[in-house]
Amino acid sequence: MAKAFKERVIYQIYPASFKDSNNDGWGDINGIISKLDYLKDLGVGILWLSPVYESPMDDMGYDISNYYKINPRFGTMEDFDNLIVEAKKRDILIVMDLVINHTSTKCEWFKEAIKGNPKYQDYYIIKEGKGNKAPNNWDSAFTGSAWEKIENSNKYFLRLFCDTQADLNYHNENVILEVEGIIKFWLDKGVYGFRCDVINSIYKTSLENDNPLKLYNKGTKFYQNQEGMFNVLKRFRNDVLSHYDTFLVGETGAITPKIGTRLINENCLDMFFEFDHIYADKSKILPIFRHKFSAKKLVSALFKRQLEVPYIANYLENHDQLRSVNRYGNVDKYYNESAKLLATLLLSLKGTPFIYQGEEIGSLNYKEISINETNDIAAKMTFTTIKKILRISDKKARKLVNETINRDHARAPMQRNSNQNGGFNDGNITWLKVNELYKEINVAKEENDENSILNFYKKVIKFRNESDVLKFGDFLEGKASNSLNYFYRRYKNKCYMIVLNFSPKKIKFNTPLDIKLLISNYKINDFKYLDPYFAGIFEVL
Ligand code: NOJ
């Protein structure tokens, strides 16, 4: 029998925004439990929860202060145990977010390290400053220096993200043992696996200065994809993971096919998220600048990974990305068709598909969000930095941030119906404002519309769940372009052709193959022309 993570569709829950059961403005674990039947009906078989651990929430839970406790905003450990039980009843598995590159500075380990407790001295990367400057010139992923000065000293701690996310030191055996304890604790609770946050950055080989002329991302060559990272992951596998039926999916920025292949073949990870395709509409060198979307870039980046690595986690959205229909679809004229096209693409690639909450109803970015309304730390830090460096007005800086960086677009409360707060709760407040479009785009409305995006997702997920070709078949390259795109999936003696028209024009389609339509976003029976944003899965006879 194939492993569950290779057969099932995975759904990402952003707990703060999924469903608020007690009307305090924050989504919670009981809210998730109340929607398990919805998720079952959608057809997903694994839920990945963004972090629910105790955290001051400076980076929305990606800054953990206690790995063994549940954030009271989300509920209690009892609620969590109950979630596992209720999910299991419905044959749904739970995956946790494992954030182990850094901890919050509110974590006891960090507090002890700063106090000078010898046991915790080397848990973090703490160095003397150079004169009154940071130990080196590395950048934070959220812009600015990657070092934070420790009060009343000339020492700094490394923090590749925000000023309260201190990087752990994986040269220290005790850190490895701590993490192994955490993994074991959650697996023993019945968690199925882990999504590993920025996992290919955990091992810092050296702390040298990077080329000072580099504009952004200084330092990455000393900590991304290092040999030490492979060794740490192998330790986790051998010491703990190999004793369970489990899996790891890594978040791995800047990964080459060669490194990705090694990660899988050497059993460090079971699959990973890569980032090449997300530059189909923005600059890779300076991601703050938006480019005109190129379907050819998107599809060929996806094809490349399909062909070059043994297994992959496929996604178009997550809590760090803007909504995919805004980015790759056509909101103005072909909203419904293009959202369905993206669903077809995601669910018919080789690998495990990840759907992000709200993607299944075609959620869109906010029309307007000011910096005061913004919660996302990365958006706020980038706003301040670009204003200073590019010497631009607040308005211009906000526009740039909102077009490419502001992660709150995807973090808005889930739109469930057209009541107040979009049915996210029945209270007066929400931690982040509700998207302006909740009356037009919401679950209840789409459930009642046979032609809705939600019902299309259900149909394609069901199709995938029942199709060995889509789950296990080989990928065969066809064509990537700004209009007609196609590829094949083949398993045993069956072959499917997936055809996508990424353009607002009707296009000619000539194929010498004898094909039969299995599923599509248009009701048609003549394929000489493909309608705008047509997407279909055909059987090759
Ligand atoms: C990647 C996570 O997805 C993102 O939300 C977070 O800000 C950074 N890692 C830091 O943990």
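Can you bin region 280-367 into rounded, prolate or oblate? Criterion: square roots of the alpha carbon gyration tensor eigenvalues sorted a ≥ b ≥ c, rounded for a/c under 1.5, prolate for a/b above b/c, oblate for the rest. Show your work: numbers first, answer last.
Details: a/c = 1.62, a/b = 1.19, b/c = 1.36.
It is oblate, given that a/c is not under 1.5 and a/b is not larger than b/c.
Which entries of LYS258/LYS284; LYS111/LYS204; LYS19/LYS115 have Cα-Cα distances beyond 31 Å here? Don't jump to the answer; show the numbers that get you there.
Details: LYS258/LYS284 20 Å; LYS111/LYS204 22 Å; LYS19/LYS115 40 Å.
Violating the 31 Å limit, Cα to Cα: LYS19/LYS115.
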Can you check what the net charge comes to around PRO72, using other residues whose Cβ is under 15 Å from the Cβ of PRO72 (Lys, Arg +1; Asp, Glu -1)? -3
On the Cα set of region 393-541, report Rg and Dmax in Å, please. 20.1, 61
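Expressed in nm², what is the orientationally averaged projection area of the convex hull enclosing the Cα positions of region 162-258?
Working: hull surface 30.5 nm².
Projected over every direction and averaged, the Cα hull of region 162-258 covers 7.6 nm².
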Full extension from LYS388 to LYS505: what is 0.36 nm times the residue separation minus their Cα-Cα distance, to one decimal in nm? 37.9 nm
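Using helices alone, I'd like the mean residue ellipticity at 222 nm for the chain: each DSSP H run of four-plus residues gives -39500 (n - 2.57), total over residue count, nearest 500.
On the way: 19 runs with 169 residues, N = 541.
Mean residue ellipticity at 222 nm (helix-derived): -9000 deg cm²/dmol.
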Sorted peptide list for 528-534, 241-247, 59-65, criterion being average Cβ within 10 angstrom, highest first: 59-65, 528-534, 241-247
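Within the set of other residues whose C-beta is less than 11 Å from the C-beta of TYR203, count the net charge using Lys and Arg as +1 and Asp and Glu as -1. Mind dumping the intermediate values first?
Working: positive: LYS204; negative: ASP167, GLU227.
Net charge around TYR203: -1.
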For region 345-357, 3J(HN,Hα) per residue [Karplus equation, 6.51 cos²θ - 1.76 cosθ + 1.60, θ = phi - 60°, Hz, x = Gly/Pro]: 4, 4, 8, 10, 6, 6, x, 9, x, 10, 9, 9, 3
Quick one: compute the contact order of the chain, relative version, from alpha carbon pairs under 8 angstrom and 6+ residues apart, as a percent. 13
Sort the following peptides by mean Cβ neighbour count (other Cβ atoms within 10 Å, averaged over residues), highest first: 174-182, 300-308. 300-308, 174-182
Given LYS88/LYS433; LYS218/LYS387; LYS6/LYS458; LYS340/LYS508; LYS3/LYS459, which pairs have Cα atoms separated by over 27 Å? LYS88/LYS433
Modelling each spin label as a point 7 Å along the Cα-to-Cβ direction, I'd like the MET1/LYS214 distance in nm, to one decimal. 4.6
Can you say what percent of the DSSP beta bridges in region 148-282, counting only those with both residues inside, are antiparallel? Round to 5. 20
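Using the Cα centre of the chain as the reference point, and only Cβ charges (+1 on K/R, -1 on D/E), how large is the resulting charge dipole? Debye, rounded to the nearest 20.
On the way: 77 positive and 69 negative charges, 407 e Å.
In total the dipole reaches around 1960 debye.
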Subtract the Cα-Cα distance of ILE524 and ASP468 from 0.36 nm times their separation in residues, and report this length gain in nm to one decimal. 17.6 nm
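Inverting the mean 1/r over all pairs of different Cα atoms, compute the Kirkwood radius of region 92-142 and quote it in Å. Working shown, then result.
Details: mean 1/r = 0.0735 Å⁻¹.
When all Cα pairs of region 92-142 are included, the Kirkwood radius is 13.6 Å.
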In nm, spacing of pseudo-spin labels at GLU173 and HIS243 (7 Å Cα→C-beta vector): 1.8
Expressed as a fraction of 2.2 N^0.38 Å, the rule-of-thumb size for a compact globular protein of N residues, what is the C-alpha radius of gyration of region 114-200? 1.28
For LYS3, the net charge from surrounding residues (Cβ-Cβ under 9 Å; K, R +1; D, E -1) works out to -2
At 7 Å along Cα-to-Cβ for each site, give me the label-to-label distance between LYS111 and LEU513 in nm. 6.1
Separation of region 80-130 and region 38-76 by C-alpha centroid, Å? 13
Using Cα-only point scatterers and the Debye equation, what is log10 of I(q)/I(0) for region 454-499 at each q in 0.14 Å⁻¹, rounded to two decimals? -0.39
How large is Rg/Rh for the chain, to two decimals, with Cα atoms and a Kirkwood Rh? 0.96
Could you calculate the FRET efficiency of ASN372 with LYS184 from 1/(1 + (r/R0)^6), where r is the beta carbon distance between them and R0 is 35 Å, rounded to 0.05? 0.20
Collect residues whose amide H, placed 1.01 Å from N in the peptide plane, falls under 5 Å from the amide H of LEU160; neighbours closer than 5 in sequence don't count. ASP167
What's the long-distance tail for region 13-53, i.e. % of Cα pairs beyond 11 Å? 63
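Computed from the coordinates by the stated procedures, all read-outs in this text should not be read as laboratory data. Owing to the predicted nature of the structure, the values given are computational and were not obtained by experimental measurement. Positions of Cβ are generated from backbone atoms using ideal geometry, with glycine treated the same way; all protein chains shown enter the neighbour counts.
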